[in-house]
Amino acid sequence: MGFSKLQDIISISEKKNIDFWQVILQDDMNERAVTAEESFDKMREMYRQMKESDASYDKSLISPSGLSGSDGEKLEIFSLGERLVGDFLSQVIARAVKMGESNACMRRIVTAPTAGSCGVLPAVLITYEKQRGADEDEIVKSLFVAAGIGEVIATSASISGAQGGCQAEIGSAAAMAAGALTFLLGGSNKEIANSAALAIKNMLGLTCDPVAGLVEVPCVKRNAYGAVNAVVSAHLTGAGVYSKIPPDEVVDSMRRTGKLIPACLRETSQEGLATTPTGTKIAQKMKSNNI
């Protein structure tokens, strides 16, 4: 049936006395006419593909444009030495960039919810599994949580950069990852929704202004910021910090804000970073090289 509000998921969860993730699993069962086992196995398959994409990162690959590649390896090396943040965040940042670079280099990735934001969710969840020794089944359950949040945003706002700016891509991914992480930390339905809301609030109005029209600059590095945003949102929630604006009102604000972002800042490369002197030179070079 689909969900347009986070509160709808929470209400069903409470009415049926089942977890948030189970509401989404049952919805998938009904929509695709599959069993619970088939639905769970499909989600497990996607998570394992995320892990495979992470494990197969190739530091030697450079995207056809020359704008992306090897930064993930630099971050990995830096995180082993004098990193500025703890081990968890260091790994989250490196993984997010690696996944974004893999997308730019045409490697296999999982859209979560889009290709441009593919690094956020796996960076948070893979790092959590490795750092905390989490059971894979629990990670898969958290992906159902993320999927539910993503469905609400897609229905009531947007997950498309062309429609709602980068807040719709990286912002949505951050909200999904924040809710998933909160679930893994034992958070309640209210806390899951709160984490998603906090993540969205801090990315409202983020424009989509890719240089030369390619999903590389600033897209790849924004995955790292989105992933860190997700962790911070879950951290705040865990401490008992709540959004003064209810989660579903935050999603509605995301929709209205997206509509107010001018077309020149919604994946058209007609303003912002795309039209800086350097951005313009890059675009001209890409055009002359037929990229």
Pairs where the first residue, in the range 266-285, is without any contact (Cβ under 8 Å) to a residue 40 or more places away in the chain and the second is of a type in the set (A, V, I, L, M, F, W, C) and surrounded by fewer than 17 Cβ atoms within 10 Å (Cβ to Cβ), C-beta under 6 Å, 6+ apart:
270/264
For the range 213-228, state whether one or more residues are among the aliphatic types (A, V, I, L, M), touching a Leu at 6+ places or on another chain (Cβ under 7 Å) and farther than 30 Å from residue 188 by Cα.
yes
State whether one or more residues within the range 55-67 are of a type in the set (D, E, K, R), touching a Ser or Thr at 6+ places or on another chain (Cβ under 9 Å) and not in a helix (DSSP H, G or I).
yes
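Here's the yes/no breakdown for (1) basic (Lys, Arg); (2) modelled with pLDDT of 95 or more; (3) part of a helix (DSSP H, G or I); (4) surrounded by fewer than 18 Cβ atoms within 10 Å (Cβ to Cβ):
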| position | (1), (2), (3), (4) |
| --- | --- |
| 90 | no, yes, yes, no |
| 96 | no, yes, yes, no |
| 109 | no, yes, no, no |
| 151 | no, yes, yes, no |
| 163 | no, yes, yes, yes |
Give the range 264-278 a look and list any residue that's over 17 Å from residue 221 (Cβ atoms), touching an Asp or Glu at 6+ places or on another chain (Cβ under 9 Å) and in a helix (DSSP H, G or I), or say none.
264, 265, 275
Failed condition for residue 229, given (1) within 30 Å of residue 289 (Cα to Cα); (2) crowded, with 20+ Cβ neighbours inside 10 Å
(1)
Any pair with Cβ under 8 angstrom, 6 or more apart, that starts in the range 107-135 at a residue that is within 12 Å of residue 50 (Cβ to Cβ) and ends at one that is modelled with pLDDT under 95 and surrounded by 24 or more Cβ atoms within 10 Å (Cβ to Cβ)
none
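The values are calculated or read from the model by the stated rules, or taken from the named source; none is laboratory data. Quick caveat: nothing in here was measured; it's all calculated off a predicted structure. In this analysis, Cβ positions are derived from the backbone assuming ideal geometry, glycine residues included, and neighbour counts consider all displayed protein chains.
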